[in-house]
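The values are calculated or read from the model by the stated rules, or taken from the named source; none is laboratory data. What you are looking at is a predicted structure, and each value in this text was computed from that prediction instead of being measured. Cβ coordinates were reconstructed from backbone atoms using ideal geometry, including for glycine residues, and neighbour counts include every protein chain displayed. Note: accessible area is taken over every heavy atom of the protein model, side chains too, but ligands, DNA and RNA are not part of it. Shrake-Rupley method; radii C 1.70, N 1.55, O 1.52, S 1.80 Å.
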Amino acid sequence: MFGTIINSWALFSGFGMIMLAHALQGTLLNINAVVFNFSDFEIGYAFTGYFIGYLFSSIKCPSLIKNVGHIRVFAAFASLGSIAILLHWVIVHPIAWLLFRMITGFSFAAIYIVCESWLNDRADNQSRGQLIGFYMIVLYFSNSAGVMLVNLRTTTEAHLYILTSLLISVALVPILLTKKPAPEFTAPKFLSLKDLYAKSPMAFVGSFAIGMVYSALFGLMAVFGAKIGLSVFQISILVFVNTIVGAVFQYPVGKISDKYDRRTILFVLNLIAITSLIFAFLLGSISFYILIIFIGIHSAVSLPYYAVVISHMNDFLEKEEIVSASSTLTLVNALGMVAGPLLASGFMAYFGAYGYFIYMIVIYSLVAPYNFARIRVGRTSDIYEDNTPSMIVPRTASPVGMQLATDQIINKIEEEEDKSNER
């Protein structure tokens, strides 16, 4: 496994640089949108642009990679992403930022698809799990470190925009100089939305809803921090905690969900999320440390939520259906993300900055009754032993990234079947 990681150093180092830039620019633009006096509505539609671009890229880029190759696509869209962040500094206007965020979302989704498909090609049945784990470490460590870079200089100066552009540009170097040949590429298969809902209604609704939460949680948290008057350092700590705590809790929550009805686990996660957000709303203004605690509790249940949703869906699928269904579920999640920033900013405009929490409470509260209804019509207790292994994926996973993770799940299922047959 270590040999595979060493042989993939160019891929991991390039991806790590991209994630540093991604985290830095997200926090930087959030803060500056408030500093530049964008209205709540303008912030909402400007930051929705990223998720619109991400959605269209997830659909269109696989065929583009198949036609022109991984390295050309990576180089082209890394260059576009590098230019886009500088344009945010050149033209400070919400409509212009909407366009630039769409370019950024399209570019970053293309980069994820390139990296994840390349990684999948390097993996075999023995190393895939370890490679996914190392990929997650690189992703979350780079994300967390990137957030802290916002403290290097004043956000209203050009330096941080230039640094972001440089990080994206530097990411090109190891990828373009690698001697390893680009892999053969197979575009992901997609299950229809109707068929996906029929297979697992709770997974469909849960994926869409958590997409609405994620885009607000990770797309507007620094906006919230700036609006309540936190310093740049405090905002970076807030975003850091939100990222790292959720990453840490993905594995234990996933393992717990292997032993019980995942609908029940989702319902419990839902209730904890609502409770933590209510306390953040009521007590967050008292102390920054109290706010951090409840943000951390919410992150601990919100980031694993999507992974449990995917694992729950897999419980109802045949092995040959898992890859196509997971790819489609990623698009459902992305559709939810498109709606999040605009709706969340509307709540912040009406209720003030803490309307940010009210928005997420409303989303969870709408899902909870449906979740409870699905439990009532759910499975009998003797089926819980047949749960598929838990599936842990980053929230940024593209449809191709889902293939990487689902291949690992299919391998585990086949291993368990072989052990059962031997008995």
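Simple spin-label estimate for Val35 and Tyr251 gives 3.8 nm between the two label positions (7 Å along the Cα-to-Cβ direction from each Cα). Potential lengthening of the chain between Ala76 and Ile95 amounts to 4.4 nm, from the contour at 0.36 nm per residue minus the alpha-carbon distance.
Computed over the range 10-163, the convex hull of the alpha-carbon atoms projects to a mean area of 9.2 nm². Measuring nothing but protein heavy atoms, the accessible surface of the range 12-168 at 1.4 Å probe radius is 69 percent carbon and sulfur. With the charge dipole of the range 236-376 set up from +1 on Lys and Arg Cβ and -1 on Asp and Glu Cβ about the Cα centre, the Cα lying farthest toward the positive end among the listed residues Leu317, Thr330, Thr275 is that of Thr275. With the Cα gyration tensor of the range 177-303 giving a ≥ b ≥ c as the square roots of its eigenvalues, does the rule (a/c under 1.5 for rounded; else a/b larger than b/c for prolate; else oblate) give rounded, prolate or oblate? Oblate is the answer for the range 177-303, as a/c is 1.5 or above yet b/c matches or exceeds a/b. For Lys189 and Val377, a Förster radius of 35 Å and the Cβ-Cβ distance give a FRET efficiency of 0.75, rounded to the nearest 0.05.
Calculated on C-alpha atoms, the gyration radius of the range 38-109 divided by its Kirkwood radius gives an Rg/Rh of 1.04.
Accessible area per residue (1.4 Å probe, heavy atoms of protein chains only) ranks Arg263, Arg374 as Arg374, Arg263, with the largest value leading.
Of the solvent-accessible surface of the range 271-343, computed with a 1.4 Å probe over protein heavy atoms with every protein chain present, carbon and sulfur atoms account for 74 percent. Full extension of the chain between Phe56 and Val68 gives 2.5 nm of extra length, using 0.36 nm per residue less the Cα-Cα distance.
Applying 1/(1 + (r/R0)^6) with R0 = 30 Å to the Cβ-Cβ distance of Ile286 and Ile137 gives a FRET efficiency near 0.30.
Taking 16 Å as the cut-off, no amide N atom of the range 11-49 comes nearer than this to a point 7 Å along the Cα-to-beta-carbon line of Ile162.
Counted residue by residue at 0.36 nm each, then reduced by the alpha carbon distance between them, the extension gain from Val173 to Ala349 reaches 59.0 nm. Between Trp9 and Ile83, the FRET efficiency from the beta-carbon distance, with R0 = 35 Å, is close to 0.85. Close amide H contacts of Val92 (hydrogens built in the peptide plane, cut-off under 5 Å, sequence separation of 5 or more or a different chain): none are found. Under the simplified labelling scheme, the Ala145-Ala198 pair shows an inter-label distance of 4.8 nm, with each label point 7 Å from Cα along Cα→Cβ. Please compare each pair in Lys66/Lys255; Lys60/Lys255; Lys189/Lys255; Lys60/Lys194; Lys199/Lys255; Lys199/Lys259 to a cut-off of 31 Å on the Cα-Cα distance and tell me which ones are over it. Among Lys66/Lys255; Lys60/Lys255; Lys189/Lys255; Lys60/Lys194; Lys199/Lys255; Lys199/Lys259, the Cα-Cα distance tops 31 Å for Lys66/Lys255; Lys60/Lys255. Packing around the peptides 294-303, 228-237, 101-110, taken as the average count of other Cβ atoms within 10 Å per residue, puts them in this order, highest first: 101-110, 294-303, 228-237.
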